[in-house]
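Asks: One structure coming up, written as structure tokens, with questions to follow.
Just so it is clear, none of the values below were taken in a lab; they were calculated from the coordinates. This one's a predicted model, so the numbers in the text were calculated from it and none came from an experiment. Ideal geometry is used to build each Cβ from the backbone, glycine not excepted, and the neighbour counts take in all protein chains shown.
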Ligand SMILES: *[C@@H]1O[C@H](CO)[C@@H](O)[C@H](O)[C@H]1NC(C)=O
Ligand SMILES: *[C@@H]1O[C@H](CO)[C@@H](O)[C@H](O)[C@H]1NC(C)=O
Ligand SMILES: *[C@@H]1O[C@H](CO)[C@@H](O)[C@H](O)[C@H]1NC(C)=O
Ligand SMILES: *[C@@H]1O[C@H](CO)[C@@H](O)[C@H](O)[C@H]1NC(C)=O
Ligand SMILES: *[C@@H]1O[C@H](CO)[C@@H](O)[C@H](O)[C@H]1NC(C)=O
Ligand SMILES: *[C@@H]1O[C@H](CO)[C@@H](O)[C@H](O)[C@H]1NC(C)=O
């Protein structure tokens, strides 16, 4: 069956003429869009030299936290020293805010606010640790630890570590201990309302809640970021992108207790390249549409990822009752190993203690391509498209999929899911419905040997 659909697809490229043209051209144009979808890579971030700042000819001004009284013994409170050093660095052009190597700085919840003078570098070589006792956390800053905002054209870099020391927060979480109220916890590193930001080389671990939040930003590039927390630490998302455009993640290794990457409302132009995920809940768009809210995510590309022993692989999750849409998403070149739900669209997402009622409204899902996705599934339903009964998923495209189960067979689950597969698709994409399907199959009769022309017809570059 998938072979028929594949051939037919080629067929319609060739013979998209006559009476069926208007119906068929929609699938073709969506496919064309998905094929050519690309994300600008932060064009206005200046390529600065990462390593040579120390041996400066470019008269950088070094602002070392040690010079402001930081002790760096992991016990003394270095918050004030960081605040004072930030004031100095932020107001001085070409400065380097330095957290030196080899020491351990204890810092409370702090806001590092811009705007700052030009060409600020935040060089983190040492370790920054959070106070580990939730009961002493500043009640005025319940959701942040290190919060950077209103920056333009800055670079975060260095081989340092940001350690949330979150174990007591996890133990107090309502997900761990049902008798506790659900309160939320601080996110370790936040970059908010900023533009033209580069972050390179940092390690973030054991966050109280999410590790790295990019909110309300434009043009952000993260490279060589490592994130780690135990697989059972609650709500410890790796990289969370919200209300942001033009964000590139490259070569990031993430193992955590929640989503490795989560992309939520107001985000567009997100590119992820070479992502390692596991343990964790996978690479997610959503959740969206909670409490009848509007959620919009568009233009997301994931190219090259390795997921190992995660609960989900490539996931889109939306709540019943939401509105808005997810559109133009392409996932390609992904290898999975022992992933529970390798490919999943879940429009019945419900992460709450009370069961969620089905509603007529839903976040619409339109134009999602999966290409060259291989590996092993832990569950039989290797592909799951659980879409809203009233707002079906449209234009789901599967190409070169090979998902297997070590001890048994795999299948595809569909509810209200429209789209098609071509090339090798295992498990079969047959349960995807298409209004064009019958016409498509008619068209195949003339084009049985069209297969060889496939490469000419379909552009496969990212
Ligand atoms: C850091 O937090 C602790 C505990 O709340 C508090 O005693 C201390 O004064 C704070 N430090 C600064 C510099 O605000
Ligand atoms: C769960 O939380 C309750 C109330 O905060 C506490 O009394 C109890 O000791 C906790 N249980 C565990 C296993 O930590
Ligand atoms: C969704 O994102 C848009 C654009 O960033 C924003 O204006 C809107 O308030 C957000 N909605 C919710 C429910 O967060
Ligand atoms: C969402 O909308 C539904 C249907 O109108 C309503 O029953 C429900 O109470 C709403 N939920 C919230 C959290 O507003
Ligand atoms: C398919 O994806 C895998 C894993 O990322 C990659 O190694 C391989 O080169 C890809 N194949 C093609 C034909 O692009
Ligand atoms: C909602 O609808 C889906 C699809 O028809 C169904 O599988 C699910 O059981 C329903 N959930 C509830 C709570 O009624």
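Asks: Measuring from a point 7 Å past the Cα of residue 390 along Cα-to-C-beta, which residues in the stretch 330-366 have an amide N at less than 17 Å?
Replies: Residues 347-349, 356-365 qualify, since their backbone N sits under 17 Å from the label point.
Asks: Follow-up. Given a Förster distance of 30 angstrom, what is the FRET efficiency for residue 91 paired with residue 168, based on the Cβ-Cβ distance and rounded to 0.05?
Replies: 0.25
Asks: Next up: Based on the Cα coordinates of the stretch 113-266, what is the per residue volume of their convex hull in Å³?
Replies: Residue-normalised Cα hull volume stands at 103 Å³.
Asks: While we're on this one: Can you give me the relative contact order of the stretch 260-323 as a percent, contacts being Cα pairs under 8 Å and 6 or more apart?
Replies: Rounded, it is 44 percent for the stretch 260-323.
Asks: Which of rounded, prolate or oblate describes the stretch 331-387 when judged by the alpha-carbon gyration tensor and an a/c cut-off of 1.5?
Replies: oblate
Asks: Right, something else. If I model a spin label at residue 73 and residue 415 as a point 7 Å from the Cα along the Cα→Cβ vector, what separation in nanometres do I get?
Replies: Label at residue 73, label at residue 415, 5.9 nm between them.
Asks: Ok, one more. Just check the stretch 338-425 against the gyration tensor rule for me: Cα atoms, a ≥ b ≥ c as the square roots of the eigenvalues, rounded for a/c under 1.5, and otherwise prolate or oblate depending on whether a/b exceeds b/c.
Replies: Oblate, because a/c is 1.5 or more while a/b does not exceed b/c.
Asks: Moving on to the next point. Place a point 7 Å from Cα of residue 294 in the direction of its Cβ. Which residues in the stretch 315-334 have their backbone N less than 11 Å from it?
Replies: Correct set: 323-325.
Asks: Could you tell me whether the stretch 248-321 comes out rounded, prolate or oblate from its Cα gyration tensor? Rule is a ≥ b ≥ c as square roots of the eigenvalues, rounded for a/c under 1.5, then prolate if a/b exceeds b/c, otherwise oblate.
Replies: oblate
Asks: Between residue 176 and residue 62, what FRET efficiency comes out of the Förster formula 1/(1 + (r/R0)^6) with R0 = 56 Å and r the beta carbon distance, rounded to 0.05?
Replies: In this case the efficiency is close to 0.85.
Asks: Same structure, new question: As a footprinting exposure proxy, order 271, 406 by other Cβ within 10 Å, with the fewest listed first.
Replies: Ordered by Cβ neighbours within 10 Å, fewest first: 406, 271.
Asks: Right, here's the next one. With each pseudo-label sitting 7 Å past Cα toward Cβ, what's the residue 361-residue 117 distance in nm, one decimal?
Replies: Placing both labels 7 Å along Cα→Cβ, they lie 5.0 nm apart.
Asks: Please tell me the relative contact order of the stretch 107-148 in percent, rounded to the nearest whole number, where contacts are Cα pairs under 8 Å and at least six residues apart.
Replies: 72 percent
Asks: Taking 7 Å along the Cα-to-C-beta vector as the label spot, tell me the residue 232-residue 354 distance in nanometres, rounded to one decimal.
Replies: Output for this residue pair reads 3.0 nm.
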